[in-house]
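Following: one structure in structure tokens, then a few remarks.
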Amino acid sequence: MSRPIKRIAICTGGGDAPGLNAVIRAVVIASANRGWECYGIHDGFNGILFPERYLEGGVFRLTRERVRGIGHLGGTILGTTNKGNPLHFPTRMPDGSTAETDRSDEILEYFARQELDALVSVGGDGSLTIADALHKKGLRVVGVPKTIDNDLDKTVTTFGFDTAVSFATECLDRLHSTAESHQRVMVVEVMGRYAGWIALHAGIAGNAHAILLPEIAFDLESVVRKVRARDDEGRMHSLVVVAEGAVPQHGHMEVAAPAGAGHEQRLGGMGEQVAKALQERTGKDTRVVVLGHLLRGGSPTSFDRIAALRFGAAAVRALDQGLTGVMVALAFPNVNYVALDEVAGRMKGVPLDSDTVQTARDLGICLGD
Ligand code: F6P
């Protein structure tokens with residue numbers, strides 16, 4: 001029987017997403033209402049691994065006052081990193097090279113030393129995989145699913161996704177009029193890593209004429225045909241949404257930066273490739289817009305705020321009920337809990353038989369196949 005909870009810690013890891021501050025606020029308030037103390041870890045686990053970097057210490061007390069008025073703000077007051085996986089930590093070797101080392105025991109020792117009873121880990125696949133490993137080493141952990149990419153399994157959606165899709169949709173709305181005025185093709189590249197959720201949802205909501213997803217290897221000729229068919233109907237402009245992870249049928253994914261010690265590869269550049277090829281093949285003036293990190297900024301939509309607050313409160317309830325090794329998940333109309341090891345390392349792409357994909361087809365949107 002583990003001891004009753006008195007002190008918990010929370011960390012945010014991976015790329016930031018609108019709604020992180022709302023989760024932190026909910027966790028702090030729900031903990032305080034149970035008489036627990038809550039502590040924030042800076043920058044993933046860096047606050048524990050490199051305390052000397054932080055003026056107020058790498059781990060600091062989160063009071064109600066500290067989280068007042070932050071629920072609607074983008075980013076995370078804790079800071080985050082996607083280069084600080086304690087299981088594969090980039091470490092400078094004596095010969096000057098960088099290699100990955102496992103520093104997870106230092107996290108466990110810190111929790112024991114500071115009498116921290118549990119961890120709420122807010123993050124995407126990488127952070128939840130770390131959370132699962134720490135749980136298996138004996139730490140009480142509850143995960144909260146975050147990512148604009150919406151690529152986590154076992155939850156209907158993650159917070160951050162709705163905000164990203166809403167902003168991308170607004171951008172598409174704005175691009176229609178300028179594309180039409182100039183009779184141009186506008187190619188819009190969106191984030192999403194290896195999943196096409198943002199591209200598909202924003203593309204449908206924003207009335208794109210073609211959407212290229214990582215899940216459907218594309219044939220550029222099919223997009224060329226779509227643009228020409230629109231021209232033939234007197235619709236002289238076209239909008240093409242390209243997921244950063246989209247792949248041509250006889251080509252490869254565009255990598256902006258390769259993976260290195262402690263970090264994944266970064267995608268980017270497919271929008272530019274598609275725009276160049278479309279201009280060559282159709283002879284139409286073509287421009288590319290890369291939305292990139294704009295999709296990660298700004299205030300969370302009300303949907304993401306509510307999801308984040310519900311997730312944060314549910315994480316605290318899970319700990320209160322003695323649960324560990326679980327992730328809070330959205331299973332409309334409620335939240336539920338799923339085992340971390342059912343989520344860790346599994347990516348959820350867009351299912352090709354989904355009605356959303358079918359909706360795109362029924363609307364006449366070209367999916368590149
Ligand atoms: O996972 C979120 C995400 O924004 C992806 O959509 C994108 O591929 C990646 O992170 C970008 O990472 P970075 O912040 O390192 O540029």
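The values are calculated or read from the model by the stated rules, or taken from the named source; none is laboratory data. What you see is a predicted model; the values in this text were computed from it and never measured. Don't worry about glycine lacking a Cβ; one is built from the backbone with ideal geometry, like all the others, and counts go over all protein chains shown. Each accessible area value is taken on the protein alone, full model and side chains, heavy atoms only, with ligands, DNA and RNA left out. Shrake-Rupley method; radii C 1.70, N 1.55, O 1.52, S 1.80 Å.
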| Being of a type in the set (Lys, Arg), away from the ligand (no atom under 16 Å from the Cβ) and within 21 Å of the chain's Cα centre (by Cα), is that true of even one residue in segment 296-305? | yes
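A quick yes/no check of all residues on (1) farther than 15 Å from residue 140 by Cα; (2) surrounded by 14 or more Cβ atoms within 10 Å (Cβ to Cβ):
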residue: 300; (1), (2): yes, yes
residue: 304; (1), (2): yes, yes
residue: 309; (1), (2): yes, yes
residue: 316; (1), (2): no, yes
residue: 332; (1), (2): yes, no
residue: 337; (1), (2): no, yes
residue: 343; (1), (2): yes, yes
| field | Of all residues making up segment 345-369, the number that are surrounded by 17 or more Cβ atoms within 10 Å (Cβ to Cβ) and on the phi > 0 side of the Ramachandran plot | value | 1
| said: Can you tell me which residue is most open to solvent (accessible area, probe 1.4 Å) among those in segment 1-53 that are free of Cβ contacts under 8 Å to residues at least 60 places away in the same chain and within 16 Å of the ligand (Cβ to nearest atom)? | reply: 43
| field | Single residue of 77, 107, 130 found to be open to solvent by 40 Å² or more (accessible area, probe 1.4 Å), of a type in the set (A, V, I, L, M), in contact (Cβ under 8 Å) with a residue 12 or more places away in the chain and away from the ligand (no atom under 13 Å from the Cβ) | value | 77
| All but one of (1) within 16 Å of the ligand (Cβ to nearest atom); (2) of a type in the set (Gly, Ala, Ser); (3) farther than 30 Å from residue 102 by Cβ hold for residue 275; which doesn't? | (1)
| query | Residue check: is residue 185 away from the ligand (no atom under 14 Å from the Cβ) and crowded, with 20+ Cβ neighbours inside 10 Å? | reply | yes
| note | Picking from 245, 269, 196, 262, the residue that is at pLDDT below 95 and within 14 Å of the ligand (Cβ to nearest atom) would be 262
| task | Select from segment 312-340 the residues that are part of a helix (DSSP H, G or I) and either of a type outside the set (D, E, K, R) or within 19 Å of the chain's Cα centre (by Cα) (or both) and list them in ascending order. | result | 312, 313, 314, 315, 316, 318, 319, 340
| request: Output the residues belonging to segment 133-164 that are farther than 21 Å from residue 334 by Cα, among the hydrophobic types (A, V, I, L, M, F, W, C) and either open to solvent by 20 Å² or more (accessible area, probe 1.4 Å) or part of a loop (DSSP other than H, G, I, E, B) (or both). | output: 133, 139
| field | Test for residue 167: is it of a type in the set (Phe, Trp, Tyr), open to solvent by 20 Å² or more (accessible area, probe 1.4 Å) and farther than 17 Å from residue 81 by Cβ | value | yes
| said: Return the residues of segment 229-266 that are under 21 Å from residue 289 (Cβ atoms), of a type in the set (A, V, I, L, M) and open to solvent by 20 Å² or more (accessible area, probe 1.4 Å); say none if nothing qualifies. | reply: 236, 247, 253, 255, 256, 257
| remark: Scanning segment 254-281 residue by residue, those touching a strand residue (DSSP E or B) at 6+ places or on another chain (Cβ under 7 Å) and over 30 Å from residue 92 (Cα atoms) turn out to be 269, 270, 271, 272, 274, 275, 278, 279
| said: Condition (residue is away from the ligand (no atom under 15 Å from the Cβ), buried (at least 20 other Cβ atoms within 10 Å of the Cβ) and of a type in the set (S, T, N, Q)) applied to segment 114-121: is it met by at least one residue? | reply: yes
